[in-house]
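The values are calculated or read from the model by the stated rules, or taken from the named source; none is laboratory data. Bear in mind that the values here come from a model prediction, so they are computed numbers and not experimental data. Note that each Cβ is placed from the backbone with ideal geometry, even for glycine, and that neighbours are counted across all protein chains shown. Only protein heavy atoms, including side chains, enter the accessible area calculation; ligands, DNA and RNA are left aside. Shrake-Rupley method; radii C 1.70, N 1.55, O 1.52, S 1.80 Å.
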Amino acid sequence: MDTKERIVNECSRMLMSIGPTSMTMDDVARACGISKRTLYETFPDKRTLIGECIHNEHEKKNAAMKEIFSTSSNCFEAMYRVYQRARKMYDTTSMAFMNDIKRLYPDIFEKHVENERTVINGIASVLRQAQDEGLVIKRINPEIAGYLFTKSMRVLHENPNGDKYGFKQEDIFDHVFVSFLRGVATLKGIEMIEYLENQQQQNQ
(Lines give C-alpha, C1' and ligand atoms only; values in the text may rest on other atoms or scores of the structure.)
Protein backbone atom coordinates (compact mmCIF):
# COMPACT_ATOMS: atom_id res chain seq x y z
CA MET A 1 0.00 0.00 0.00
CA ASP A 2 1.55 3.31 -1.06
CA THR A 3 1.41 6.56 0.91
CA LYS A 4 -1.53 8.02 -1.03
CA GLU A 5 -3.64 4.90 -0.57
CA ARG A 6 -2.82 4.76 3.14
CA ILE A 7 -3.81 8.40 3.58
CA VAL A 8 -7.12 7.91 1.74
CA ASN A 9 -7.99 4.77 3.70
CA GLU A 10 -7.19 6.37 7.07
CA CYS A 11 -8.96 9.61 6.21
CA SER A 12 -12.05 7.72 5.01
CA ARG A 13 -12.22 5.85 8.30
CA MET A 14 -12.00 9.09 10.26
CA LEU A 15 -14.55 10.85 8.07
CA MET A 16 -17.09 8.09 8.60
CA SER A 17 -16.57 7.96 12.35
CA ILE A 18 -16.25 11.64 13.37
CA GLY A 19 -17.17 13.69 10.30
CA PRO A 20 -15.11 16.27 8.37
CA THR A 21 -15.56 19.13 10.86
CA SER A 22 -13.89 17.25 13.69
CA MET A 23 -11.17 15.76 11.49
CA THR A 24 -8.01 17.82 11.01
CA MET A 25 -5.06 17.37 8.70
CA ASP A 26 -2.92 16.98 11.84
CA ASP A 27 -5.12 14.03 12.85
CA VAL A 28 -4.71 12.41 9.43
CA ALA A 29 -0.93 12.83 9.39
CA ARG A 30 -0.62 11.45 12.92
CA ALA A 31 -2.86 8.46 12.17
CA CYS A 32 -0.85 7.65 9.04
CA GLY A 33 2.49 8.05 10.80
CA ILE A 34 3.69 10.68 8.33
CA SER A 35 4.70 14.32 8.53
CA LYS A 36 2.29 17.13 7.63
CA ARG A 37 4.70 18.06 4.87
CA THR A 38 4.30 14.61 3.29
CA LEU A 39 0.54 14.85 3.67
CA TYR A 40 0.36 18.27 1.97
CA GLU A 41 2.70 17.12 -0.78
CA THR A 42 0.19 14.35 -1.53
CA PHE A 43 -3.00 16.39 -1.00
CA PRO A 44 -2.69 20.19 -1.12
CA ASP A 45 -5.68 20.84 1.14
CA LYS A 46 -8.43 19.22 3.19
CA ARG A 47 -11.10 19.71 0.51
CA THR A 48 -9.03 17.82 -2.07
CA LEU A 49 -8.40 14.99 0.38
CA ILE A 50 -12.07 14.68 1.32
CA GLY A 51 -13.09 14.72 -2.34
CA GLU A 52 -10.65 11.91 -3.09
CA CYS A 53 -11.93 9.88 -0.12
CA ILE A 54 -15.55 10.16 -1.21
CA HIS A 55 -14.62 9.35 -4.81
CA ASN A 56 -12.74 6.29 -3.58
CA GLU A 57 -15.72 5.15 -1.50
CA HIS A 58 -18.00 5.54 -4.52
CA GLU A 59 -15.64 3.43 -6.63
CA LYS A 60 -15.64 0.70 -3.98
CA LYS A 61 -19.43 0.81 -3.70
CA ASN A 62 -19.99 0.69 -7.46
CA ALA A 63 -17.60 -2.26 -7.79
CA ALA A 64 -19.42 -4.05 -4.97
CA MET A 65 -22.80 -3.41 -6.59
CA LYS A 66 -21.61 -4.84 -9.92
CA GLU A 67 -20.25 -7.91 -8.16
CA ILE A 68 -23.49 -8.44 -6.25
CA PHE A 69 -25.72 -8.04 -9.31
CA SER A 70 -23.56 -10.33 -11.44
CA THR A 71 -23.20 -13.17 -8.92
CA SER A 72 -26.63 -13.32 -7.25
CA SER A 73 -28.89 -16.17 -8.35
CA ASN A 74 -32.02 -13.98 -8.39
CA CYS A 75 -33.09 -10.38 -7.89
CA PHE A 76 -34.19 -10.73 -4.27
CA GLU A 77 -30.91 -12.32 -3.27
CA ALA A 78 -29.20 -9.33 -4.87
CA MET A 79 -31.45 -6.93 -2.94
CA TYR A 80 -30.69 -8.71 0.34
CA ARG A 81 -26.97 -8.43 -0.32
CA VAL A 82 -27.26 -4.75 -1.27
CA TYR A 83 -29.22 -4.10 1.89
CA GLN A 84 -26.73 -5.95 4.11
CA ARG A 85 -23.89 -3.88 2.68
CA ALA A 86 -25.85 -0.64 3.10
CA ARG A 87 -26.75 -1.43 6.71
CA LYS A 88 -23.13 -2.17 7.53
CA MET A 89 -22.18 1.21 6.05
CA TYR A 90 -24.88 3.01 8.05
CA ASP A 91 -23.70 1.29 11.24
CA THR A 92 -20.19 2.67 10.78
CA THR A 93 -21.02 6.14 9.43
CA SER A 94 -21.66 9.04 11.79
CA MET A 95 -24.65 11.29 11.18
CA ALA A 96 -22.25 14.25 11.12
CA PHE A 97 -20.58 12.91 7.99
CA MET A 98 -23.15 13.73 5.28
CA ASN A 99 -24.58 16.73 7.13
CA ASP A 100 -21.13 18.34 7.28
CA ILE A 101 -20.31 17.44 3.67
CA LYS A 102 -23.58 19.00 2.50
CA ARG A 103 -22.98 22.17 4.54
CA LEU A 104 -19.25 22.68 4.01
CA TYR A 105 -18.57 21.11 0.61
CA PRO A 106 -21.72 21.43 -1.53
CA ASP A 107 -19.81 20.61 -4.73
CA ILE A 108 -18.57 17.33 -3.25
CA PHE A 109 -22.05 16.60 -1.90
CA GLU A 110 -23.51 17.04 -5.39
CA LYS A 111 -21.13 14.38 -6.70
CA HIS A 112 -22.32 12.11 -3.90
CA VAL A 113 -25.93 12.69 -4.98
CA GLU A 114 -24.96 11.79 -8.54
CA ASN A 115 -23.52 8.51 -7.27
CA GLU A 116 -26.71 7.84 -5.34
CA ARG A 117 -28.57 8.06 -8.64
CA THR A 118 -26.31 5.28 -9.91
CA VAL A 119 -27.41 3.12 -6.97
CA ILE A 120 -31.07 3.91 -7.63
CA ASN A 121 -30.64 2.94 -11.29
CA GLY A 122 -28.98 -0.30 -10.23
CA ILE A 123 -31.89 -1.19 -7.95
CA ALA A 124 -34.35 -0.26 -10.70
CA SER A 125 -32.53 -2.58 -13.11
CA VAL A 126 -32.81 -5.46 -10.65
CA LEU A 127 -36.51 -4.76 -10.11
CA ARG A 128 -37.15 -4.73 -13.86
CA GLN A 129 -35.49 -8.12 -14.14
CA ALA A 130 -37.66 -9.31 -11.26
CA GLN A 131 -40.76 -8.13 -13.13
CA ASP A 132 -39.68 -10.21 -16.12
CA GLU A 133 -39.24 -13.20 -13.79
CA GLY A 134 -42.70 -12.71 -12.29
CA LEU A 135 -41.34 -11.84 -8.84
CA VAL A 136 -42.28 -8.13 -8.77
CA ILE A 137 -45.67 -6.61 -9.60
CA LYS A 138 -45.78 -5.29 -13.16
CA ARG A 139 -47.45 -1.99 -12.31
CA ILE A 140 -44.58 -1.00 -9.99
CA ASN A 141 -42.36 1.74 -11.44
CA PRO A 142 -38.81 0.37 -10.81
CA GLU A 143 -37.15 3.81 -10.81
CA ILE A 144 -39.62 5.27 -8.31
CA ALA A 145 -39.37 2.16 -6.12
CA GLY A 146 -35.56 2.36 -6.14
CA TYR A 147 -35.72 6.05 -5.29
CA LEU A 148 -38.16 5.54 -2.40
CA PHE A 149 -36.12 2.70 -0.94
CA THR A 150 -32.81 4.60 -1.13
CA LYS A 151 -34.26 7.80 0.28
CA SER A 152 -36.09 6.05 3.11
CA MET A 153 -32.89 4.34 4.24
CA ARG A 154 -31.04 7.66 4.20
CA VAL A 155 -33.78 9.45 6.16
CA LEU A 156 -33.77 6.73 8.78
CA HIS A 157 -30.00 7.00 9.12
CA GLU A 158 -29.97 10.78 9.37
CA ASN A 159 -32.93 10.93 11.79
CA PRO A 160 -32.45 8.08 14.32
CA ASN A 161 -35.48 8.80 16.51
CA GLY A 162 -36.65 5.22 17.01
CA ASP A 163 -35.19 5.01 20.51
CA LYS A 164 -37.79 7.55 21.64
CA TYR A 165 -40.38 4.86 20.95
CA GLY A 166 -38.34 1.98 22.31
CA PHE A 167 -37.18 0.71 18.90
CA LYS A 168 -33.65 -0.33 17.98
CA GLN A 169 -32.36 1.38 14.85
CA GLU A 170 -31.24 -1.91 13.28
CA ASP A 171 -34.72 -3.38 13.79
CA ILE A 172 -36.28 -0.38 12.05
CA PHE A 173 -33.92 -0.80 9.08
CA ASP A 174 -34.81 -4.49 8.83
CA HIS A 175 -38.56 -3.85 8.95
CA VAL A 176 -38.39 -1.12 6.30
CA PHE A 177 -36.37 -3.38 4.01
CA VAL A 178 -38.63 -6.42 4.37
CA SER A 179 -41.75 -4.27 4.04
CA PHE A 180 -40.34 -2.74 0.86
CA LEU A 181 -39.65 -6.13 -0.72
CA ARG A 182 -43.01 -7.58 0.26
CA GLY A 183 -44.76 -4.43 -0.96
CA VAL A 184 -43.46 -4.82 -4.51
CA ALA A 185 -43.52 -8.64 -4.67
CA THR A 186 -45.98 -10.95 -6.37
CA LEU A 187 -47.14 -14.12 -4.57
CA LYS A 188 -44.26 -15.94 -6.27
CA GLY A 189 -41.91 -13.21 -5.08
CA ILE A 190 -43.15 -13.46 -1.49
CA GLU A 191 -42.40 -17.18 -1.52
CA MET A 192 -38.85 -16.35 -2.62
CA ILE A 193 -38.52 -13.72 0.12
CA GLU A 194 -39.67 -16.16 2.78
CA TYR A 195 -37.16 -18.73 1.51
CA LEU A 196 -34.33 -16.18 1.74
CA GLU A 197 -35.44 -15.06 5.21
CA ASN A 198 -35.39 -18.66 6.43
CA GLN A 199 -31.93 -19.12 4.96
CA GLN A 200 -30.74 -15.96 6.66
CA GLN A 201 -32.09 -17.06 10.04
CA GLN A 202 -30.37 -20.43 9.70
CA ASN A 203 -27.04 -18.73 8.96
CA GLN A 204 -27.24 -16.48 12.02
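Just a few scattered comments:
- Residue in region 187-197 that is more than 23 Å from Met89 (Cβ to Cβ), out of contact with any helix residue (DSSP H, G or I) (no Cβ under 7 Å at 6 or more places or on another chain) and of a type in the set (Val, Ile, Thr) present: no
- Here is the figure for region 113-140: residues that are touching a residue at least 12 places away in the same chain (Cβ under 8 Å), more than 26 Å from Leu187 (Cα to Cα) and of a type in the set (Asp, Glu) total 1.
- Scanning region 41-51 for residues that are open to solvent by 70 Å² or more (accessible area, probe 1.4 Å) and under 25 Å from Ala96 (Cα atoms) yields a count of 2.
- The residues on offer are Gly134, Gly122, and the sole one that is on the phi > 0 side of the Ramachandran plot and not aliphatic (A, V, I, L, M) is Gly134.
- Some residue of region 156-164 being open to solvent by less than 30 Å² (accessible area, probe 1.4 Å), more than 14 Å from Tyr83 (Cα to Cα) and assigned to a helix (DSSP H, G or I): yes
- Those residues of region 37-75 which are within 20 Å of Val178 (Cβ to Cβ) and either modelled with pLDDT of 85 or more or in contact with a His (Cβ under 9 Å, 6 or more places away or on another chain) (or both), in sequence order: Ile68, Ser72
- Taking the numbered list (1) assigned to a helix (DSSP H, G or I); (2) of a type outside the set (Lys, Arg); (3) surrounded by fewer than 18 Cβ atoms within 10 Å (Cβ to Cβ) in turn, Ser22 passes all entries but (1).
- Condition check for Glu110: in contact (Cβ under 8 Å) with a residue 60 or more places away in the chain and acidic (Asp, Glu): no
- Taking the listed residues Glu143, Glu191, Glu170, the one that is surrounded by 14 or more Cβ atoms within 10 Å (Cβ to Cβ) and acidic (Asp, Glu) is Glu143, with no other qualifying.
- Arg117 falls short on exactly one of the conditions (1) more than 16 Å from Arg154 (Cβ to Cβ); (2) open to solvent by 80 Å² or more (accessible area, probe 1.4 Å), and that condition is (1).
- Residue count for region 72-90, restricted to those that are over 21 Å from Ala185 (Cα atoms) and either touching a Ser or Thr at 6+ places or on another chain (Cβ under 6 Å) or open to solvent by 70 Å² or more (accessible area, probe 1.4 Å) (or both): 3
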